[in-house]
Amino acid sequence: MRPEDILVPTPSGVCCKLGGFHIDPTRPVERALITHAHSDHARAGHGAVLATQETLDLMRLRYGENFAGTTQAIAYGESVGLDGAKVTFHPAGHVLGSAQIAVEANGLRVVASGDYKIVPDPTCAPFELVPCDVFITEATFALPVFRHGDPGGEIAKLLHSVALFPERAHLVGAYSLGKAQRVIALLRRSGYSAPIYLHGAMEKITNYYVNRGIELGELRLVRGATKQNLASTITLCPPSALNDLWTRRFPDPLAAFASGWMRVRARARQQGVALPLVISDHADWDGLTATVAATGAGEIWVTHGQEDALVHWCVSRGLKAWPLDIVGYGDEDEPNDAETVGTEQ
Ligand SMILES: [Zn+2]
Ligand SMILES: [Zn+2]
């Protein structure tokens, strides 16, 4: 049996004919296995969805009760037989509920990473290394220039700025699912105990994290706060809100943005970000290459990002590797990503 007999790339995402399912399909399919709830991986309209409880709940929050025909929850470490294939979900360390999906048949194991990071994150289960024959890896930050460094240091920069400009309001652009909650949790770990303000678009998902036992301290909605109230505070908002009329309610707002792309200073400047914070929920170059090597896989399929450099790195180490050209995966770290802010009053 060849790996392609287990999983094969199709225009709608990787497909397991043996098991009759797609992983993170970009178009509606009969049976979908979903790695995590970011909107480019988790779409509405599939017949049946198998995912972790958190991913199913987050999809329901985003798309409503009828986002799929039927749903089935699977726990980390649990295996399910789907026709000729056995599938097991393992933590990916990316956001709450995120999973890598291992697909096995005839003693051959293929692991689809989804998005992942290997550094600790107080808001989700840690990445688990799964030895495999073929590893399908994301490549969002697959260039040697991307080294994310210590997120604690970035949080210290933010707190330093807040102390330096007590009359101003600090707005931190962060993706609503995962990044925002991680930034809040990191602030709490740094000893910041003042109330943290939220843009209305982050309310539901953040409440869900709290309901799942993630400690985020006292949270308040910007809606209802006066301009004076908001001096010397920190507010989390979707990146697109940073350039919105919405910011006028804050006293002398200072724009920060938490993203792996903030390593590229020109990009931060171009986006009018005064305080770039290099905090990413994706593995950086060192994380990607270390993980690829540690899986022991002889064959690497690279998707979703800067494929060429990582393919080249793999081939130079004697691994078989090629890019999967699947259209439709976005990048939640991008400020211009299709995240609807809504019209908050
Ligand atoms: Zn993601
Ligand atoms: Zn992704």
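The values are calculated or read from the model by the stated rules, or taken from the named source; none is laboratory data. Computed from a predicted structure; not experimentally measured. Every residue, glycine as well, gets a Cβ built from its backbone with ideal geometry; the counts of neighbours run over all protein chains shown. Heads up: the accessible areas ignore ligands, DNA and RNA and are worked out on the full protein's heavy atoms, side chains in. Shrake-Rupley method; radii C 1.70, N 1.55, O 1.52, S 1.80 Å.
Going by average Cβ neighbours within 10 Å, how do the peptides 313-319, 60-66 rank, with the highest at the top? Mind dumping the intermediate values first?
Numbers: 313-319: 14.4, 60-66: 12.7.
Ranking, from highest mean packing down: 313-319, 60-66.
Where the accessible area of the chain is counted over protein heavy atoms with a 1.4 Å probe, how much of it, in %, is carbon and sulfur? Of all accessible area on the chain, carbon and sulfur atoms account for 52 percent. Extension gain, A48 to L245, is 66.8 nm, computed as 0.36 nm per intervening residue step minus the present C-alpha separation. What's the angle, to the nearest 10 degrees (0 to 90), between helix 285-295's Cα axis and the longest principal axis of the chain? The answer is roughly 30 degrees. Look at the dipole of the chain built from charges on Cβ: of A42, P131, G107, the Cα furthest out on the positive end belongs to A42.
Computed from label points 7 Å out along Cα-Cβ, the spacing between N66 and N106 is 4.2 nm.
Its Cα gyration tensor gives region 1-81 an equivalent ellipsoid; the semi-axes, largest first and in whole Å, are 21, 14, 10. Against the empirical 2.2 N^0.38 Å (N residues), region 150-249 has a Cα radius of gyration ratio of 1.00. Between V315 and R2, the contour length at 0.36 nm per residue exceeds the alpha carbon distance by 110.7 nm.
Here the chain has an Rg and Dmax of 20.3, 67 Å, counting Cα atoms alone. The residues of the chain expose on average 40 square angstrom of accessible surface per residue, using a 1.4 Å probe on protein heavy atoms. So if I take the centroid of the Cα atoms in region 19-72 and the same for region 194-233, what is the distance between those two points in Å? Centre-to-centre distance over Cα atoms comes out at 28 Å. Principal-axis analysis of the Cα atoms of the chain puts helix 151-164 at an angle of about 10° to the longest axis.
If each Cα of region 1-45 is one equal point scatterer, what is log10 of I(q)/I(0) from the Debye formula at q = 0.25, 0.33 Å⁻¹? Relative scattering, expressed as log10 I(q)/I(0), comes to -0.83, -1.22. Modelled spin-label separation between R269 and L219, with each label point placed 7 Å from Cα along the Cα-to-Cβ direction: 3.6 nm. How much of the pair distance distribution for region 196-345 lies past 24 Å, counting alpha-carbon pairs only, in percent? When every Cα pair of region 196-345 is considered, 49 percent fall beyond 24 Å.
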